[in-house]
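Only one structure is covered here, and it is reproduced in the block below.
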Amino acid sequence: MNVAEVTAKAKVLLEALPYIQDFRGSIFVIKYGGSFMEDPDPSVRARVAYDIALLAACGIHLVVVHGGGKAITKAMEDSGLKANFVNGLRVTDEATIAVVKKTLDEVVNREVCDAIATANAKPKGLSGDSVLVCEKLTTDDAGNAVDLGYVGDVTEVKVKLIKKEIADGFIPVISPVAEGHDGKPYNVNADLAAGRVASALRARRLVYMSDVPGLLANPPDPATLISTLKASQVDELRKKGVIDKGMRPKVQSAVRALQEGVQRVHFIDGRQPHSLLLEIFTGTGIGTEIVHG
(Lines give C-alpha, C1' and ligand atoms only; values in the text may rest on other atoms or scores of the structure.)
Protein backbone atom coordinates (compact mmCIF):
# COMPACT_ATOMS: atom_id res chain seq x y z
CA MET A 1 0.00 0.00 0.00
CA ASN A 2 1.48 3.34 -1.05
CA VAL A 3 1.43 6.67 0.82
CA ALA A 4 -1.50 8.01 -1.21
CA GLU A 5 -3.69 5.03 -0.32
CA VAL A 6 -2.80 5.28 3.36
CA THR A 7 -3.50 9.03 3.33
CA ALA A 8 -6.89 8.46 1.68
CA LYS A 9 -7.86 5.96 4.38
CA ALA A 10 -6.76 8.36 7.11
CA LYS A 11 -8.88 11.10 5.52
CA VAL A 12 -11.96 8.88 5.63
CA LEU A 13 -11.40 8.17 9.32
CA LEU A 14 -10.96 11.86 10.10
CA GLU A 15 -14.18 12.73 8.24
CA ALA A 16 -16.02 10.28 10.47
CA LEU A 17 -14.44 11.62 13.68
CA PRO A 18 -16.96 14.42 14.47
CA TYR A 19 -19.86 11.99 14.05
CA ILE A 20 -18.18 9.44 16.30
CA GLN A 21 -17.58 12.11 18.95
CA ASP A 22 -21.17 13.34 18.70
CA PHE A 23 -22.83 9.93 18.83
CA ARG A 24 -20.66 8.29 21.47
CA GLY A 25 -22.89 7.18 24.34
CA SER A 26 -26.09 7.58 22.30
CA ILE A 27 -28.64 4.84 21.70
CA PHE A 28 -29.39 3.77 18.14
CA VAL A 29 -32.13 1.29 17.28
CA ILE A 30 -31.60 -0.67 14.09
CA LYS A 31 -34.42 -2.54 12.36
CA TYR A 32 -32.58 -5.42 10.69
CA GLY A 33 -34.79 -6.23 7.71
CA GLY A 34 -35.91 -9.75 6.95
CA SER A 35 -35.56 -9.48 3.17
CA PHE A 36 -31.91 -8.57 2.76
CA MET A 37 -31.01 -10.87 5.67
CA GLU A 38 -31.88 -13.77 3.36
CA ASP A 39 -29.74 -12.57 0.46
CA PRO A 40 -28.02 -15.63 -1.07
CA ASP A 41 -24.70 -13.77 -0.91
CA PRO A 42 -23.38 -14.34 2.67
CA SER A 43 -21.09 -11.33 2.34
CA VAL A 44 -24.15 -9.05 2.54
CA ARG A 45 -25.03 -10.24 6.04
CA ALA A 46 -21.37 -10.23 7.07
CA ARG A 47 -20.89 -6.60 5.99
CA VAL A 48 -23.89 -5.47 8.01
CA ALA A 49 -22.69 -7.39 11.07
CA TYR A 50 -19.24 -5.78 10.86
CA ASP A 51 -20.82 -2.34 10.44
CA ILE A 52 -22.83 -2.95 13.60
CA ALA A 53 -19.69 -4.10 15.39
CA LEU A 54 -17.84 -0.96 14.30
CA LEU A 55 -20.61 1.33 15.55
CA ALA A 56 -20.54 -0.47 18.89
CA ALA A 57 -16.74 -0.14 19.04
CA CYS A 58 -17.17 3.63 18.55
CA GLY A 59 -19.17 3.81 21.77
CA ILE A 60 -22.67 3.86 20.25
CA HIS A 61 -25.18 1.78 22.20
CA LEU A 62 -27.04 -0.39 19.69
CA VAL A 63 -30.33 -2.23 19.97
CA VAL A 64 -31.30 -4.47 17.05
CA VAL A 65 -34.89 -5.45 16.25
CA HIS A 66 -34.95 -7.99 13.45
CA GLY A 67 -37.59 -9.03 10.98
CA GLY A 68 -37.98 -12.43 9.39
CA GLY A 69 -41.02 -12.26 7.13
CA LYS A 70 -39.71 -14.50 4.38
CA ALA A 71 -38.48 -17.10 6.85
CA ILE A 72 -41.92 -17.12 8.51
CA THR A 73 -43.72 -17.47 5.19
CA LYS A 74 -41.52 -20.42 4.21
CA ALA A 75 -42.02 -22.08 7.60
CA MET A 76 -45.78 -21.59 7.22
CA GLU A 77 -45.75 -23.16 3.77
CA ASP A 78 -43.75 -26.10 5.12
CA SER A 79 -46.49 -26.50 7.75
CA GLY A 80 -49.28 -26.31 5.16
CA LEU A 81 -50.36 -22.80 6.16
CA LYS A 82 -51.12 -19.95 3.76
CA ALA A 83 -49.80 -16.44 4.41
CA ASN A 84 -52.28 -13.56 4.18
CA PHE A 85 -51.55 -9.86 4.62
CA VAL A 86 -53.64 -6.73 5.20
CA ASN A 87 -51.83 -3.42 4.58
CA GLY A 88 -48.47 -5.08 5.10
CA LEU A 89 -49.49 -6.85 8.34
CA ARG A 90 -49.61 -10.65 8.56
CA VAL A 91 -52.95 -12.22 9.51
CA THR A 92 -52.02 -14.49 12.44
CA ASP A 93 -54.31 -17.23 13.70
CA GLU A 94 -53.49 -19.66 16.51
CA ALA A 95 -51.60 -22.08 14.25
CA THR A 96 -49.65 -19.24 12.65
CA ILE A 97 -48.50 -17.62 15.90
CA ALA A 98 -46.84 -20.88 16.96
CA VAL A 99 -44.86 -20.94 13.70
CA VAL A 100 -44.07 -17.22 13.97
CA LYS A 101 -42.66 -17.43 17.49
CA LYS A 102 -40.61 -20.57 16.84
CA THR A 103 -39.15 -19.16 13.60
CA LEU A 104 -38.29 -15.75 15.01
CA ASP A 105 -36.93 -16.87 18.38
CA GLU A 106 -35.17 -20.10 17.46
CA VAL A 107 -34.05 -19.51 13.87
CA VAL A 108 -33.83 -15.86 12.83
CA ASN A 109 -32.74 -14.41 16.17
CA ARG A 110 -30.01 -17.01 16.47
CA GLU A 111 -28.78 -16.31 12.92
CA VAL A 112 -28.59 -12.55 13.56
CA CYS A 113 -26.75 -13.08 16.85
CA ASP A 114 -24.31 -15.51 15.23
CA ALA A 115 -23.51 -13.00 12.47
CA ILE A 116 -22.83 -10.19 14.96
CA ALA A 117 -20.76 -12.48 17.18
CA THR A 118 -18.63 -13.46 14.17
CA ALA A 119 -17.75 -9.76 13.87
CA ASN A 120 -16.37 -9.94 17.44
CA ALA A 121 -19.22 -7.93 18.97
CA LYS A 122 -21.40 -9.12 21.88
CA PRO A 123 -25.03 -9.77 20.89
CA LYS A 124 -27.67 -10.88 23.39
CA GLY A 125 -30.68 -12.59 21.85
CA LEU A 126 -33.99 -11.63 23.47
CA SER A 127 -37.39 -13.02 22.64
CA GLY A 128 -39.62 -10.01 22.25
CA ASP A 129 -42.17 -11.38 24.69
CA SER A 130 -39.58 -10.95 27.46
CA VAL A 131 -39.30 -7.18 26.89
CA LEU A 132 -42.44 -6.19 24.94
CA VAL A 133 -46.04 -6.09 26.18
CA CYS A 134 -48.93 -5.58 23.77
CA GLU A 135 -52.65 -5.38 23.31
CA LYS A 136 -54.49 -6.89 20.39
CA LEU A 137 -54.31 -4.68 17.29
CA THR A 138 -57.85 -3.59 16.41
CA THR A 139 -57.37 -0.74 13.91
CA ASP A 140 -55.11 -0.16 10.91
CA ASP A 141 -53.04 2.98 10.26
CA ALA A 142 -56.08 4.67 8.73
CA GLY A 143 -58.22 4.02 11.82
CA ASN A 144 -60.31 1.29 10.20
CA ALA A 145 -61.39 -1.66 12.35
CA VAL A 146 -59.42 -4.85 11.62
CA ASP A 147 -59.15 -8.32 13.11
CA LEU A 148 -55.81 -9.88 12.24
CA GLY A 149 -55.91 -12.51 14.98
CA TYR A 150 -52.82 -12.73 17.21
CA VAL A 151 -51.32 -9.45 16.02
CA GLY A 152 -50.36 -7.00 18.72
CA ASP A 153 -49.72 -3.30 19.18
CA VAL A 154 -46.89 -2.72 21.67
CA THR A 155 -48.07 -0.80 24.74
CA GLU A 156 -45.03 -1.26 26.99
CA VAL A 157 -41.29 -1.72 26.51
CA LYS A 158 -39.36 -3.04 29.49
CA VAL A 159 -36.68 -0.38 29.22
CA LYS A 160 -34.80 -1.39 32.39
CA LEU A 161 -34.18 -4.90 31.08
CA ILE A 162 -32.87 -3.61 27.74
CA LYS A 163 -30.68 -0.96 29.37
CA LYS A 164 -29.23 -3.56 31.73
CA GLU A 165 -28.03 -5.59 28.75
CA ILE A 166 -26.53 -2.43 27.25
CA ALA A 167 -24.81 -1.56 30.54
CA ASP A 168 -23.36 -5.07 30.62
CA GLY A 169 -21.76 -4.46 27.23
CA PHE A 170 -24.22 -6.38 25.05
CA ILE A 171 -26.08 -5.50 21.87
CA PRO A 172 -29.69 -6.58 22.56
CA VAL A 173 -31.15 -8.42 19.56
CA ILE A 174 -34.94 -8.51 19.90
CA SER A 175 -37.40 -10.68 17.99
CA PRO A 176 -40.75 -9.02 17.11
CA VAL A 177 -43.13 -10.97 19.31
CA ALA A 178 -44.80 -9.59 22.43
CA GLU A 179 -46.72 -10.83 25.43
CA GLY A 180 -50.39 -9.95 25.32
CA HIS A 181 -52.33 -8.84 28.37
CA ASP A 182 -53.90 -12.30 28.21
CA GLY A 183 -50.47 -13.89 28.68
CA LYS A 184 -50.34 -15.27 25.12
CA PRO A 185 -47.67 -14.47 22.50
CA TYR A 186 -48.60 -12.04 19.74
CA ASN A 187 -47.01 -11.34 16.39
CA VAL A 188 -45.85 -7.73 16.13
CA ASN A 189 -44.82 -6.07 12.90
CA ALA A 190 -41.05 -5.66 13.23
CA ASP A 191 -41.10 -2.10 11.90
CA LEU A 192 -43.68 -1.06 14.47
CA ALA A 193 -41.83 -2.91 17.23
CA ALA A 194 -38.57 -1.13 16.34
CA GLY A 195 -40.33 2.21 16.49
CA ARG A 196 -41.81 1.53 19.90
CA VAL A 197 -38.44 0.36 21.25
CA ALA A 198 -36.75 3.48 19.87
CA SER A 199 -39.40 5.72 21.43
CA ALA A 200 -39.16 4.06 24.84
CA LEU A 201 -35.36 4.33 24.82
CA ARG A 202 -35.43 7.92 23.50
CA ALA A 203 -33.01 6.82 20.80
CA ARG A 204 -30.96 9.39 18.87
CA ARG A 205 -31.46 7.43 15.67
CA LEU A 206 -33.86 4.80 14.37
CA VAL A 207 -32.56 3.07 11.25
CA TYR A 208 -34.64 0.79 9.03
CA MET A 209 -32.49 -1.55 6.95
CA SER A 210 -34.31 -3.40 4.19
CA ASP A 211 -33.93 -4.28 0.49
CA VAL A 212 -35.04 -0.92 -0.94
CA PRO A 213 -32.91 2.24 -1.24
CA GLY A 214 -35.34 4.38 0.76
CA LEU A 215 -38.54 6.25 -0.07
CA LEU A 216 -39.00 6.65 -3.81
CA ALA A 217 -41.19 9.41 -5.26
CA ASN A 218 -41.85 7.19 -8.26
CA PRO A 219 -41.46 3.53 -7.18
CA PRO A 220 -39.57 1.51 -8.22
CA ASP A 221 -37.28 4.05 -9.94
CA PRO A 222 -34.20 4.46 -7.67
CA ALA A 223 -33.41 7.78 -9.36
CA THR A 224 -36.43 9.27 -7.54
CA LEU A 225 -35.00 8.67 -4.06
CA ILE A 226 -36.26 11.20 -1.50
CA SER A 227 -33.21 12.16 0.54
CA THR A 228 -34.98 14.13 3.27
CA LEU A 229 -38.66 14.14 4.18
CA LYS A 230 -40.47 16.12 6.85
CA ALA A 231 -42.95 14.22 9.01
CA SER A 232 -45.67 16.68 7.96
CA GLN A 233 -45.28 15.58 4.31
CA VAL A 234 -46.04 11.91 4.99
CA ASP A 235 -49.84 12.08 4.74
CA GLU A 236 -49.68 13.63 1.28
CA LEU A 237 -47.35 10.90 0.01
CA ARG A 238 -49.59 8.21 1.51
CA LYS A 239 -52.64 9.65 -0.28
CA LYS A 240 -50.70 9.67 -3.56
CA GLY A 241 -49.81 6.01 -3.13
CA VAL A 242 -46.08 6.72 -2.84
CA ILE A 243 -46.15 5.12 0.61
CA ASP A 244 -47.94 1.81 0.19
CA LYS A 245 -47.92 -1.88 1.11
CA GLY A 246 -44.95 -2.90 3.27
CA MET A 247 -43.70 0.69 3.46
CA ARG A 248 -46.84 1.79 5.30
CA PRO A 249 -45.99 0.33 8.74
CA LYS A 250 -42.38 1.53 8.38
CA VAL A 251 -43.38 5.14 7.80
CA GLN A 252 -46.21 5.00 10.33
CA SER A 253 -43.71 3.80 12.92
CA ALA A 254 -41.17 6.46 11.91
CA VAL A 255 -43.62 9.33 12.37
CA ARG A 256 -44.80 8.02 15.71
CA ALA A 257 -41.21 7.61 16.89
CA LEU A 258 -40.41 11.21 15.95
CA GLN A 259 -43.48 12.39 17.84
CA GLU A 260 -42.32 10.45 20.90
CA GLY A 261 -38.78 11.76 21.13
CA VAL A 262 -36.60 10.03 18.54
CA GLN A 263 -34.44 12.67 16.86
CA ARG A 264 -34.23 11.27 13.32
CA VAL A 265 -35.29 8.19 11.34
CA HIS A 266 -33.43 6.66 8.40
CA PHE A 267 -34.39 4.20 5.66
CA ILE A 268 -31.45 2.51 3.94
CA ASP A 269 -30.71 -0.46 1.67
CA GLY A 270 -28.91 -3.14 3.65
CA ARG A 271 -27.66 -4.72 0.42
CA GLN A 272 -25.50 -1.69 -0.39
CA PRO A 273 -21.94 -2.11 0.94
CA HIS A 274 -21.58 -0.36 4.29
CA SER A 275 -24.81 1.62 3.86
CA LEU A 276 -25.14 1.85 7.65
CA LEU A 277 -21.77 3.55 8.03
CA LEU A 278 -22.37 5.85 5.06
CA GLU A 279 -25.71 6.95 6.47
CA ILE A 280 -24.42 7.59 9.98
CA PHE A 281 -20.91 8.90 9.41
CA THR A 282 -21.38 11.19 6.38
CA GLY A 283 -23.26 14.43 5.88
CA THR A 284 -25.12 13.37 2.73
CA GLY A 285 -26.08 9.84 3.70
CA ILE A 286 -27.24 7.16 1.27
CA GLY A 287 -30.96 6.66 1.90
CA THR A 288 -33.99 8.62 3.12
CA GLU A 289 -34.16 10.45 6.43
CA ILE A 290 -37.41 11.59 8.04
CA VAL A 291 -37.05 14.61 10.26
CA HIS A 292 -39.23 16.76 12.50
CA GLY A 293 -41.28 19.45 10.82
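The values are calculated or read from the model by the stated rules, or taken from the named source; none is laboratory data. Model, not experiment: these values are computed from the prediction. Glycine gets a Cβ as well: all are built from the backbone with ideal geometry, and neighbour counts include every protein chain shown. Calculation scope for accessible area: heavy atoms of the full protein, side chains included, ligands and nucleic acids excluded. Shrake-Rupley method; radii C 1.70, N 1.55, O 1.52, S 1.80 Å.
Estimated at 0.36 nm per residue, the fully extended path between residue 218 and residue 164 surpasses their Cα-Cα distance by 15.1 nm.
Think of the range 184-286 as a dipole: +1 on every Lys or Arg Cβ, -1 on every Asp or Glu Cβ, centred on the Cα centre; then among 219, 263, 275, 263 lies furthest on the positive end.
Count the DSSP beta bridges whose two residues both fall in the chain, then state the antiparallel fraction as a percent rounded to the nearest 5. Counting only bridges with both partners in the chain, antiparallel ones make up about 35 percent. Using a Förster distance of 22 Å, how high is the FRET efficiency between residue 239 and residue 82, based on the Cβ-Cβ distance and rounded to 0.05? Efficiency at R0 = 22 Å is approximately 0.10.
Computed over the range 1-159, the alpha-carbon pair-distance distribution with 5 angstrom bins reads 1, 7, 13, 16, 16, 15, 11, 8, 5, 3, 2, 1, 0, each value a whole percent. Within the chain, the proportion of C-alpha pairs whose separation exceeds 29 Å stands at 31%. For the range 1-64, with equal point scatterers placed on the C-alpha atoms only and solvent neglected, what are the log10 I(q)/I(0) values from the Debye formula at q = 0.17, 0.24 1/Å, to two decimals? Debye intensities relative to I(0), on a log10 scale: -0.77, -1.00. Using θ = phi - 60° in the Karplus curve 6.51 cos²θ - 1.76 cosθ + 1.60, the 3J(HN,Hα) couplings for the range 268-284 round to 9, 8, x, 7, 6, x, 6, 4, 5, 5, 5, 6, 8, 9, 10, x, 8 Hz; x is entered for Gly and Pro. What whole-number distance in Å separates the alpha-carbon centres of the range 221-264 and the range 170-198? Using only Cα atoms, the two centres lie 21 Å from each other. Rg of the Cα atoms in the range 241-286, relative to 2.2 N^0.38 Å, amounts to 1.30. What accessible area, in Å² to the nearest ten, does a 1.4 Å probe give for residue 204? Here the residue's solvent-accessible area equals roughly 50 Å².
Tell me the angle of helix 69-78 to the major Cα principal axis of the chain, expressed in degrees between 0 and 90 and rounded to the nearest ten. Between helix and principal axis, roughly 40 degrees. Stretching the chain fully between residue 292 and residue 39 yields a gain of 87.8 nm (0.36 nm per residue, less the alpha carbon separation).
The amide H of residue 122, built 1.01 Å from its N in the peptide plane, has 171 as neighbours under 5 Å, considering only residues 5 or more places off or on other chains. The phi-based Karplus calculation (6.51 cos²θ - 1.76 cosθ + 1.60; θ = phi - 60°) puts the 3J(HN,Hα) values of the range 116-122 at 5, 5, 4, 7, 6, 9, 10 Hz, whole numbers, x for Gly and Pro.
Amide hydrogen proximity for residue 65: with H placed 1.01 Å from N in the peptide plane, the residues at 5 or more positions away or on another chain lying under 5 Å are 30, 31, 32, 174. Expressed per residue, the C-alpha convex hull volume of the range 157-293 stands at 129 Å³. Against the chain, whose longest principal axis comes from its Cα atoms, helix 247-259 is set at around 70 degrees.
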